[in-house]
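What follows is a single structure, written as structure tokens, with notes after it.
The values are calculated or read from the model by the stated rules, or taken from the named source; none is laboratory data. All of these numbers come straight from a predicted model, not from anything done at the bench. FYI the Cβ positions are ideal-geometry reconstructions off the backbone, even for glycines, and counts take in every protein chain you see.
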Amino acid sequence: MPFTAGRPIAEAKAELFKALGHPARVRVLELLAERAHTMGELAAGMGLELSHLSQHVAVLRRAGIVDSRRIKTTVLCTLRDPQTAELLSVARRLISANLRQDQLLLAALDDAADAVSLAGTVPAAG
């Protein structure tokens, strides 16, 4: 549900993130960040049945993230606000930064010469 007056902002943010809480919906947004797509194009690009895709797009529409309009027999989807693409970009940078930190930690663990790491390399006395 989009933001409405009198509604706590934290609740509105939680609803937004809930709408983003499925990989298929995130992928829809990634594709729409590139350009507008028809429902058929989205379904083909994602390998989803049209009925499943429609449910995901409906969630994004209710959240106020995606717009769709019918042109004859075709439904065209667009991002409601280009800042959605920015949000996806920030998420990507956060994930990348976390992975880099994890790689540094793993490298430090691999390089550590402590009793635990050495225990696995010394044959047991028998």
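Considering Arg92, Arg69, which residue is basic (Lys, Arg) and in a helix (DSSP H, G or I)?
Arg92
Going through Asp102, Asp67, Asp111, Asp81 one at a time, which residue ends up being among the charged types (D, E, K, R) and loosely packed, with under 10 Cβ neighbours inside 10 Å?
Just one listed residue meets the conditions, Asp111.
Exactly one of these conditions fails for Cys77: (1) modelled with pLDDT of 95 or more; (2) over 26 Å from Glu15 (Cβ atoms). Give me its number.
With (1) modelled with pLDDT of 95 or more; (2) over 26 Å from Glu15 (Cβ atoms) applied to Cys77, the lone miss is (2).
Could you tell me how many of the residues in the stretch 63-81 are within 18 Å of Arg27 (Cβ to Cβ) and touching a residue at least 40 places away in the same chain (Cβ under 8 Å)?
Of the residues in that region, 6 qualify.
Need the failing condition index for Arg61 against (1) of a type in the set (Lys, Arg); (2) surrounded by 15 or more Cβ atoms within 10 Å (Cβ to Cβ); (3) part of a strand (DSSP E or B), just the number.
Of the numbered conditions (1) of a type in the set (Lys, Arg); (2) surrounded by 15 or more Cβ atoms within 10 Å (Cβ to Cβ); (3) part of a strand (DSSP E or B), the odd one out for Arg61 is (3).
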